[in-house]
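Q: Sending over a structure as structure tokens; questions will come in a sec.
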Amino acid sequence: MTVFIASLFLPKTVHFTLPGTPPRGSASEKKQPGKPAPLERQPSLFQPPNITPPITPTDEKKRDDPFTSEERLRVQIPTDQSANDGLRAPADRSSPTWGGRPDQPMSRANSPPPPSLIDPGRLLQQKAKELGRQGVTQPRSLTRSDSHDRVFAHANWKVVNADQGNGGLRNAAEAAAREGKLGEYTWVGTLGMPTDALQGTQQLQDIEDRLATEHDMLTVFCSDKDFDGHYSHFCKQILWPVFHYQIPDNPKSKAYEDHSWKYYVNLNQAFADKIVKNWKRGDVIWVHDYHLLLVPGMIRKKLPDAKIGFFLHVAFPSSEVFRCLAVRKQLLEGMVGANLIGFQIHEYTRHFLQTCSRLLSAEATPDGLQLEDRFVDVVNLPIGIDPVSLSQHREDAEVKKWLDIMRERYAGKKLIVARDKLDHVRGVRQKLLSYELFLNKNPEWRGNIVLIQVALSTSEKSELDATVSDIVTRVNSSWANLAYQPVVYLKQDIDYAQYLALLSIADALMITSQREGMNLTSHEYLYCQDGKFGEKKHGSLILSEFTGTSSLFNGNELSVNPWDYRACANAIKKALEMGDDEKEQRWTKLFEAVNHHTGSHWFTEFMSRLDRVYEEQHRRDQTSVPRLSMHGLIQQYSRSERRLFILDFEGTLVSWGPVNQIIPVSPQRTLDVLNDLLMDDRNTIYVMSGRRPEELDRLFRRVPNLGLIAENGCFLKDCGSAEWTEMADADQIRSWKESVSGILTYYLERTPGAEIEDRRCSLIFHYKSAEDYEAAMRQATDCASHINDACEEQRVHAIPMDGCVLVEPIDWTKTTAAQKIFADLREHMAPDDKHTSPVDFLMVVGDGREDEKVFKWANALGEEGTVKEVVTVSLGNRNTEATATLTQGVSGVLMALQKLASIA
């Protein structure tokens, strides 16, 4: 069995050595999960003796971007990028741009859309014309292009560690393999470099073969245009902002969405095709992150039986934000192609379920999504770091060297450290403003505290860049002197050894992300505060409440709202003045959480859950469930003495439709079959329905010994009784009805032709007769989502059904009624017999979603041996908990029951 791990970037890439250029470093060795790669080397920003950067931030040298630079034809290896093929930077680092190395081919992509398209000064008509998919491109020099291609077609190359991609995922996979919890696995991804220049060359085939045979990696090749449109435009300009609660409401975003969606589809299809081509029965497919949302659905279409998992590493927004995407439905349908979908924390899981309920009209349950034909499990499982690998890298002599340098440089001062990508989501601006406010309010700390902010610049200059630089300049000009600088602002990444030294010596780590899936820098910081280098810092963690990590730490961090500058400033003060005992107490609990939620634990737990849910879903698949065997059923029935039948009414005993339709006459054949069965005193029969008690009384008045369950479990009438027992709490029902009625009325006013049916324990929003059915359906899904959001604590849920939305209590269902029936039968047994089961034959027949839980309850009785013979039968076409199916519908059920009644 092979586990395919599909991520946008492979852990390896290729670098070329061109004539006249020095080699880029030693070749990377084959993947060895148990042995970490060598430490990454970055240009030092702390070179002694002068290790303080200038007060005013300076512009860094612009890195060439292969998708925007048409002039870069001379291939050179800059001196500041040598020996950079070692370990990836810390686990949550990722590169903000694709490619960009002079020792890799130049992209042929013409970045869509044209720059004029996103110019807000253009007239609407000009924008529409340019949005007309004209595909205007700039002509290229064939001579220069051909020369460039020939150089790379014959250049020497080698496989090296990639410095972009999902480091946390890679570390987790390597940790799981090292611990023996992951066997054979294969990465699926792109090289992270333009490849059009290599198309049709032997070089490309050799690269693909080398990665496959020596590194167990399948390379996905696509055109530079597809990748650029996918990654630089749709992912970074559309999905990334939306998933972090930034609604795409400007012309630039709209232009990128219109132009780049097809490229997003193309790249996802390339991934799906590569996996399908190499998949064998029994293999596992695990797709990762927002770059590949469509891949699970694409694979499912071609491999219906494949075992597919999907994990989203970033946040998932609320339905109000996600629904702003024009392609929202396509993205969700792609995700639900998986058997198991994972998110970092419960909040993102809840948002996803609510969004699917609202946009796909799927029934959301605590365990996942009930689609029409199958069930999709949804879990939250936070990723973590690899402590073993981190410990090994902390042994490096460079870490100790930089610790000594920084101890000397910042002796007597408290250090707050931070490392963030310089974009709006990371909240760098809010952090600096909070720090400035802290210094304003606490003059006693001026001269005694330093904030070291490492800022990873994005690929394009922005207003945020200038704003942050202005704040830094203002703070430093206000309180700096010849011996002190309150803010050390580094506008590029630092060496990994420096990073570990910073985390080890820091008195506090400050993270003010406006939204973030999981911040692993905080995990690494807590691990580095263990006193390994002679002093137990046990520094404080100032953490935004909007990071996924915050939900793991149970308030032991200093939680802040990044927009509340005063609270952030107070958190800085508390972090610096906190007593040693409190620091140690907080750190101990935080450290325990980090040690529990490791990358290896995350990886193996997800894989084991995927195995379980796949087996359960496969077992419940309608095509896998055997047809009901009449011969076997008769044998089970014949050797039993105490029999209980629980039979659904609509769609099972009768073929009539929705419960709001009035039945004109009694179903005579159904009544005759039930009377025949009840002639045997050993048989007890209950019919369950969503109808009112008085309706069921009228329908079954000629079957005197029949038990009834009304309104899906809210009312129960025992066999032979003339009275109904109200199972539900009347006060609780009255309370939630007041809340729900207002919501239903709101949607009723906006849906002409719809109506509300008020039952004793439930409310039904009917829209089948609405004037505009499509619009009514959208209103109904919004209504169901609204009720489930607003009334969750009142123990009520709304279920979208065919032509209606049913609102009913959670605590009283067909299952709770069945449990009460079973308990009452045991209670009525003779005292000497109460240690045995009240029945030895149990048959449950149904066709709807609400019957599935009754099937599950009945099957559990059989598995644990409480009931000797258990038969559960489904008439529906969806996946089911039942152990058998009947394809003949109502007539098949009545025929089977009639045969049992004829047995003496």
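Q: Among A418, V475, I405, pick out the residue whose Cα is farthest towards the positive end of the charge dipole of region 388-597, where Lys and Arg carry +1 and Asp and Glu carry -1 on C-beta, about the Cα centre.
A: Looking along the dipole axis, the top candidate is V475.
Q: Further question on the same structure: What's the FRET efficiency of R795 with K856 using the Cβ-Cβ distance as r and R₀ = 22 Å, to the nearest 0.05? Display every interim value, and only then the final one.
A: Details: r = 20 Å, r/R0 = 0.91.
That gives a FRET efficiency of 0.65.
Q: Can I ask one more? Using 7 Å Cα-to-Cβ label points, what is the D802/E757 separation (nm, one decimal)?
A: Reported label-point gap for D802 and E757 is 1.4 nm.
Q: Using only Cα atoms, what is the ratio of the radius of gyration of region 706-752 to 2.2 N^0.38 Å? Walk me through the numbers before you get to the answer.
A: Numbers: Rg = 15.5 Å, N = 47, 2.2 N^0.38 = 9.5 Å.
Taking the Cα Rg and dividing by 2.2 N^0.38 Å, one obtains 1.63.
Q: Can you return the aspartates and glutamates within cross-link range of K899? Criterion is Cα-Cα under 12 Å, with same-chain partners fewer than 8 residues away left out.
A: D676
Q: How large is the dipole of region 388-597 about the Cα centre if only Lys and Arg carry +1 and Asp and Glu carry -1, each at its Cβ, rounded to the nearest 20 debye? Intermediate values should be presented prior to the final figure.
A: Numbers: 27 positive and 29 negative charges, 84 e Å.
With only Lys, Arg, Asp and Glu charged at Cβ, the dipole is about 400 debye.
Q: Follow-up question, since we're still on this one. Quick one, what does Rg over Rh come out to for region 560-704 if you take C-alpha atoms and the Kirkwood Rh?
A: On the way: Rg = 30.8 Å, Rh = 22.7 Å.
My calculation of the ratio gives 1.35.
Q: Something else now. Quick one: length gained pulling K401 to N440 fully straight, 0.36 nm per residue minus the C-alpha distance?
A: Values: separation 39, 0.36 × 39 = 14.04 nm, distance 3.47 nm.
That pair, K401 and N440, stretches by 10.6 nm at full extension.
Q: Got the relative contact order for region 735-809 handy, in percent, Cα pairs under 8 Å and 6 or more residues apart? Kindly include the intermediate steps, with their values, before the conclusion.
A: Working: 114 pairs, mean separation 22.9, N = 75.
That works out to 31 percent.
Q: Okay, next question. Please enumerate, by chain and number, the aspartates and glutamates with C-alpha under 19 Å from the C-alpha of K574, excluding those fewer than 8 residues away in the same chain.
A: Qualifying aspartates and glutamates at Cα under 19 Å: E436, E444, D507, E545, E557, D564, E582, E584.
Q: For region 793-854, state which trypsin sites (Lys or Arg not before Pro) are in a DSSP loop and have at most 16 other beta carbons lying within 10 Å of their beta carbon.
A: Values: sites: R795, K814, K820, R826, K834, R849, K853; in loops: R795, K834.
Listed in order of number, the matching sites are R795, K834.
Q: Let me ask something else about it. With the cut-off at 30 Å, tell me which of the pairs K181/K414; K400/K421; K12/K307; K532/K573; K181/K868 have Cα atoms farther apart than that. Numbers along the way, then the final one.
A: Numbers: K181/K414 42 Å; K400/K421 26 Å; K12/K307 26 Å; K532/K573 26 Å; K181/K868 39 Å.
Beyond 30 Å between Cα atoms: K181/K414; K181/K868.
Q: Once you order the gyration tensor axes a ≥ b ≥ c over the Cα atoms, which shape class does region 388-597 get: rounded for a/c under 1.5, otherwise prolate or oblate by comparing a/b with b/c? Could the numbers behind the result be given before it?
A: On the way: a/c = 1.29, a/b = 1.20, b/c = 1.08.
It comes out rounded by the Cα gyration axes.
Q: Multiply the residue gap between S318 and N561 by 0.36 nm, knock off their C-alpha separation, and tell me the result in nm, one decimal place.
A: 85.6 nm is the gain from fully extending S318 to N561.
Q: Hand me the GluC sites (Glu not before Pro) from region 836-896 located in a DSSP loop with no more than 14 other Cβ atoms within 10 Å, in residue order please. Before the final figure, lay out each step's value.
A: Working: sites: E850, E852, E863, E864, E869, E881; in loops: E864, E881.
Sites meeting the loop and neighbour criteria: E864.
Q: If you keep only loop residues by DSSP, which trypsin sites (Lys or Arg not before Pro) in region 277-361 have at most 12 other Cβ atoms within 10 Å of their Cβ? Walk me through the numbers on the way to the answer.
A: On the way: sites: K277, K280, R281, R300, K301, K302, K307, R323, R328, K329, R350, R358; in loops: K280, R281, R323.
Those satisfying the criteria are K280, R281.
Q: Please name which of T781, L708, M727 has its Cα lying farthest along the dipole of region 683-782 towards the positive end, using unit charges on Cβ (Lys, Arg +1; Asp, Glu -1) and the Cα centre as origin.
A: My answer, from the dipole projection, is L708.
Q: While we're looking at this one, here's another question. Provide the FRET efficiency to the nearest 0.05 for the D581-K899 pair, computing r from the beta carbons and using R0 = 45 Å. Could the numbers behind the result be given before it?
A: Details: r = 77 Å, r/R0 = 1.70.
Efficiency computed from Cβ-Cβ geometry: 0.05.
Q: Applying 1/(1 + (r/R0)^6) with R0 = 60 Å to the Cβ-Cβ distance of S478 and S624, what FRET efficiency is obtained, to the nearest 0.05? It would help to have the intermediate numbers written out before the result.
A: On the way: r = 71 Å, r/R0 = 1.18.
For R0 = 60 Å, the calculated efficiency reads 0.25.
Q: Considering just Cα atoms, how many Å³ per residue does the convex hull of region 747-790 enclose?
A: On the way: hull volume 2.9 nm³, N = 44.
Taking only Cα atoms, region 747-790 has a hull volume of 67 Å³ per residue.
Q: Taking 0.36 nm per residue of separation and subtracting the Cα-Cα distance, what length does fully extending A153 through S735 add? Before the final figure, lay out the partial values.
A: Working: separation 582, 0.36 × 582 = 209.52 nm, distance 7.42 nm.
Here the segment from A153 to S735 would lengthen by 202.1 nm.
Q: Separation of region 443-510 and region 789-813 by C-alpha centroid, Å?
A: Their Cα centres are 52 Å away from one another.
The numbers here are math on the coordinates, done by the rules we state, and not lab data. Quantities reported herein were computed from a predicted structural model and do not represent experimental measurements. Positions of Cβ are generated from backbone atoms using ideal geometry, with glycine treated the same way; all protein chains shown enter the neighbour counts.
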